[in-house]
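Every number here is computed from the coordinates shown, using simple stated rules; none is lab data. Computed from a prediction, not measured in an experiment: that's the story for all the values here. Glycine gets a Cβ as well: all are built from the backbone with ideal geometry, and neighbour counts include every protein chain shown.
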C-alpha cells in the first residue's frame, strides 16, 4: 500500500520569507500524481499544485513550487514571499492514476507578521 | 470550474436519529465521489468511494449499515449517518473527481460539521 509521510507537524515562517514543506511517499508504481492541498481555518480543501510523475520538470504555480525527486520519492513544497493568508494546514497527497487519494498527516504552517 | 457543494454546512442532531449530508458537483458530472472524515488537527480519513449507479466501496473499519451512501445521479451523492451517537460527531468532507481531467485531482466540498448530542 502507498504511504505518504509529512515529517514536520508544524512550521513557522516570517512574512515575505520562503519556507519549504517536506513530503515523502512510498510506492512501487511508476505512473502516479502528487498534489499539495491547503486547508485554511475555514476547512475548505484547496488544490495548491499538482505534479505528474512522468514529468521531470518541477511544477510551479505563482509563489508555489515543488521539488520533485522521483528516485528519492520526495515531493517538497516551496512557498516564496509568504503571506499571512498562507497560514493553513498543508496536506501532501498521492494518486496512482486511479481513484483514491492517499494523504499525509499534514503540516501546520504559521506565518508571523 | 470544478465546484463541489455540500449541505448542510453544520448540523446538530440527537442521539439515535439519522442525518443526511448531500454532496453535489455543480459544473461537472462526477461518476465517482468520495467521503472523508476528519478529526480535529488530523488528516482526512477516506470512509468510502461512491460510484454512480452502483454500490459504494467502504474502507476497512467503516460500518456500511451506519454510514449509508447513495450516488443516484452524476451530480449528487448522499451520506446518511444512521442511529447517530456522540462518537459520530466529526467533520465530514466529500470530494469528486472530474472524469474529463486526466490529472486525477479531487475537488472538495466545504465540509459538514456534525454534532450528536
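Partner chain Cβ atoms within 10 Å, averaged over the residues of B:98-108 - can you pull that number for me?
Details: counts 0, 0, 0, 1, 3, 8, 14, 9, 9, 3, 7.
The per-residue average across the peptide is 5.
Remind me, what semi-axes does the range B:57-101 give for its equivalent ellipsoid, largest first in whole Å, using sqrt of 5 times each Cα gyration tensor eigenvalue?
In descending order, the three semi-axes are 23, 11, 11 Å.
Quantify how strongly other chains surround peptide A:93-102 by giving the mean number of their Cβ atoms within 10 Å of each of its Cβ atoms.
Counting Cβ atoms of other protein chains within 10 Å of each residue's Cβ and averaging gives 5.
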Stokes-Einstein D in µm²/s, Kirkwood radius over Cα pairs - the range B:1-106 at 20 °C with 1.002 mPa s viscosity: 152 µm²/s
DSSP-defined antiparallel bridges as percent of all bridges, the protein assembly as shown, nearest 5: 90 percent
Cα-derived Rg over Rh, computed across the range B:1-44 with Rh taken as Kirkwood radius: 1.03
Average beta-carbon neighbours from other chains, 10 Å sphere, peptide B:39-49: 3
Convex hull volume of the protein assembly as shown per residue (C-alpha atoms, cubic angstrom): 123 Å³
P(r) histogram, all alpha-carbon pairs of chain A included - 10 Å bins from 0, percent: 15, 50, 29, 6, 0
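Rounded if a/c is under 1.5, else prolate if a/b beats b/c, else oblate: with a ≥ b ≥ c from the C-alpha gyration tensor eigenvalues square-rooted, which is the range A:54-113?
oblate
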Estimated inter-spin distance, residue B:9 and residue A:70, nm [label 7 Å along Cα→Cβ]: 4.3 nm
Protection proxy ranking, peptides A:62-74, A:15-27, average beta carbon neighbours within 10 Å, highest first: A:15-27, A:62-74
Projected label distance in nm at residue B:42 and residue B:29, using a 7 Å step from Cα toward the beta-carbon: 3.7 nm
Residues residue B:55 and residue B:117, FRET efficiency given R0 of 35 Å [Cβ-Cβ distance, rounded to 0.05]: 0.65
Chain B - percent relative contact order, Cα under 8 Å, separation 6 or more: 37 percent
